[in-house]
Structure formats: structure tokens, C-alpha cells
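Comments concern the structure below.
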Amino acid sequence: MDAADVTADLTEILFTRAQIDERIAEIAARIDADYADKNPLLIGVLNGAVMVMSDLSRALSIHCAMDWMAVSSYGMGTQSSGVVRILKDLSTDLEGRHVLVVEDIIDTGLTLTYLMQNLASRNPASLEIMTMFRKPDAMKAEIDVKYIGYDLPNQFVVGYGLDFAGRYRNLNDVGILAPHVYS
Ligand code: 5GP
Ligand code: MG
Ligand code: MG
């Protein structure tokens, strides 16, 4: 927890940076094998996926390209609604490309369901998902996630790209945010 001293803001650390690094190395080895000679295009969903994209891409041995999308999910409060607006679109044509969407976390999966439909309509050669974290509700969504870092309990977590009100993204570890921070 060296990026900022927020120990009192977390009730528990679920995954340390070392554990995250280890899991990313395992996933990168699978991607190296699955995408050898395919020059995949990694698409990061801003802002949360910045950390996992930068670590995953550098853990790969194969060539890859990177691009970014920013989306905003219309919803009441903290629940996402599945109605998504594209704030920043890709600069890359997906036609014939092997696309791997890189995500920080999937909760309800509503945002990603929309995004996958949108990306599929651009005729990529293949379209898969890597997510660093997955919440229990994501299992109910009809999304096929090829690469999963870790499954999480149904609690609000921060760190390693995940924020609360714009803060905590720069924590190395991932932990459960203490209720006193948001209540
Ligand atoms: P979904 O559409 O899958 O419900 O929404 C996923 C998005 O919700 C993530 O990209 C993230 O921005 C946010 N989110 C879901 N669960 C958490 C969590 O536990 N912590 C944080 N910081 N964000 C979360
Ligand atoms: Mg995300
Ligand atoms: Mg957020």
C-alpha cells in the first residue's frame, strides 16, 4: 500500500500487487499461446482498465496493438443500467482484427454486454474478453469471458485502477472500501 497511505480506508486487502502480477503473468502466457502470430488489438475501457492494460501488455511476448474506449453508463446511483454512451471511440478499424477487450472488473456485465454488441458489429476476426476481476452477479450475465484474473465477493473494492469518487485508482493492492468512507 505504498502509492498512498489509505490503510484506514480499507477494511481488508483482498489481493496484493504481487498476487496480481503473478496472475497476470499466467494469463499473459495463455494469451501468448492463443494469439501467436495474430497481432491482437487490445482494447482498454477507460479509466479503470489502465493499470491492467499496462501490466498485461508488458507481460506479453507477442506483438500486439492497443486502443482505448471511454463509455458512460446511464443509471440511477451506483447501479449501471446497460444504456451506454460512447464518450471516446476507437481510432482503429476492427475489420478482420483479433480483438481482446481488457477490463478492470465486471459486476452486472450490463456495460460490457452493450460494448460487445457494438464491437461485434464492426466485423472483427475474433472478439474475446479479459477481465482482472469479476463479481458474483457477472455470472448471471450472458457474457463469455475468456480470461479472468480473480473472482471477488459482492463488496465494493478499490485499487489497481478501481476508484471511488475518482480516488484510490493508484493503490497497488485491491481492497474492500471501509463503509465510513462512503456513508
Ligand atoms: P457493470 O456494467 O458490469 O455492472 O459495471 C462495471 C463497472 O462498474 C466497472 O467498470 C466499474 O467502473 C464499476 N464497478 C463495479 N463494481 C465495482 C467495485 O467493486 N469497485 C469499483 N471501484 N468499481 C466497480
Ligand atoms: Mg471497466
Ligand atoms: Mg468507477
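Among Met51, Met66, Met116, Met132, the ranking by other beta carbons within 10 Å of each residue's beta carbon, starting with the fewest, stands as Met66, Met116, Met51, Met132. Each eigenvalue of the Cα gyration tensor of the chain, multiplied by 5 and square-rooted, gives one semi-axis; in descending order these are 27, 20, 14 Å. Straight Cα distances below 23 angstrom link Lys146 to the lysines Lys38, Lys135, with same-chain residues fewer than 8 positions distant left out. What the pair-distance distribution of segment 111-183 shows, using all Cα-Cα distances binned every 10 Å from zero, is 16, 41, 30, 11, 1 percent. A straight Cα-to-Cα reach below 12 Å connects Lys140 with the aspartates and glutamates Asp107, residues fewer than 8 places away in its own chain not being considered. Taking +1 at the Cβ of each Lys and Arg and -1 at the Cβ of each Asp and Glu, which of Met66, Ala25, Ala120 sits farthest along the dipole of the chain towards its positive end, judged by Cα position relative to the Cα centre? Checking the options against the dipole of the chain, the answer is Ala120. Per DSSP helix of 4 or more residues, -39500 (n - 2.57); summed, then divided by the residues of the chain. What does that give at 222 nm, rounded to the nearest 500? For the chain, the value works out to -7000 deg cm²/dmol.
Dipole check for segment 19-152: with +1 at the C-beta of Lys and Arg, -1 at the C-beta of Asp and Glu, and the Cα centre as origin, the magnitude is about 260 Debye. Along the axis of the charge dipole computed for the chain (Cβ charges of +1 for Lys and Arg, -1 for Asp and Glu, origin at the Cα centre), the listed residues Phe15, Val145, Met132 are led at the positive end by Val145.
Within the same chain, aspartates and glutamates fewer than 8 places from Lys88 are excluded, and of the rest, those with a Cα less than 18 Å from its Cα are Asp67, Glu103, Asp104.
Read-outs throughout are calculated quantities, based only on the coordinates presented, and are distinct from any laboratory measurement. What you are looking at is a predicted structure, and each value in this text was computed from that prediction instead of being measured. Note: ideal-geometry Cβ built from the backbone for every residue, glycine included; neighbour counts use all protein chains shown.
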